[in-house]
Amino acid sequence: MKATILIPAYNEANVIARTLHDLTRNMNTDDFQIIVIANACVDDTAQLAQIAYPHALVIETAKGGKTNAMNLGFAKAQSSVIVCLDADLSVSATHVDALIAPILAGQAQGSCGRMHLDLTRCSRAVRAFYRIWQMNPYFDKGKFGGLWALGPDATARIFPLPKVIADDEYVSRNLGSSESVYVPSCTFNVRAPRTIASLIKIRRRIRRGTRQLESMELLTTTRTGSASIKRIASQVSTRPTLWPAFVLYVSISLYVRLLVSIEPPQAIDFWERDTSSRLKSPTEH
């Protein structure tokens, strides 16, 4: 067995079958252990997951929380190499193979791939925001979020995960720069929120998650957003057609920061997510 793939899933009945079909198409069942953890679901996520891939181990828990789900799955893992995959993303087994190759070769303890953002059916404003967002220098080394892999040394150090919102950020910041690699040959698909309201929910959750990690002193490295904005601004400055999108990007970013800054302390654990990208298309059943 090459790796265990953990898929935490909260009310993902609309997308879990699609995710599993994409992942397991042409997959050798002996290569991967797939664990779907349906946490606090009130829909038929667990049943649909089992039907979509009967070889999967499906765990149901009444307790909510993504990191709790991942910890439950990790406890059942049969491999020392762990892949974490969000239930609403699409990736093939071939690309997962590419993702874990550096870990299996002993070249890294963490790896991430290249995100492809699906903006189909998104509003013009959302597309404009993400056009600028994708210029962030953070992505120079791939997207450590939604899909990532850890080797045995890293999992022993990082699991069990604490109760945090920004699990991806927590994991990535607790890997040394020499431990993690970007694997551009591993591509995964992310469906973007379709509306500005849904986009703000996602951005607010991300900002809230980072703020939570800072308050819990769980970050071992720091990143500054000002340098990223300066770099983006320098790229946009010579491209007038991007100026309106840049203004929109900065405005939304500042607005989200303001919203989070005035939230009451108890809001720190509030998990917001986008449901617009989880709607089935007319061709899906």
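Just so it is clear, none of the values below were taken in a lab; they were calculated from the coordinates. This structure is a prediction, so every number in the text was calculated from the model and none was measured. With ideal geometry, Cβ positions are generated from the backbone for all residues, glycine too; neighbour counts draw on all protein chains shown.
Kindly indicate the residue of the range 76-96 that is under 18 Å from the mean Cα position of the chain (by Cα) and not aliphatic (A, V, I, L, M) and also surrounded by the fewest Cβ atoms within 10 Å (Cβ to Cβ) among those meeting that condition.
The selected residue is SER92.
Could you please let me know if TYR170 is over 18 Å from GLN134 (Cα atoms), touching a Leu at 6+ places or on another chain (Cβ under 7 Å), touching a residue at least 24 places away in the same chain (Cβ under 8 Å) and not small (Gly, Ala, Ser)?
Working: over 18 Å from GLN134 (Cα atoms): yes; touching a Leu at 6+ places or on another chain (Cβ under 7 Å): yes; touching a residue at least 24 places away in the same chain (Cβ under 8 Å): yes; not small (Gly, Ala, Ser): yes.
Yes, satisfied.
Of GLN33, GLN78, GLN50, which residue is without any contact (Cβ under 8 Å) to a residue 24 or more places away in the chain, out of contact with any Pro (no Cβ under 9 Å at 6 or more places or on another chain) and not hydroxyl-bearing (Ser, Thr, Tyr)?
Answer to the check: GLN50.
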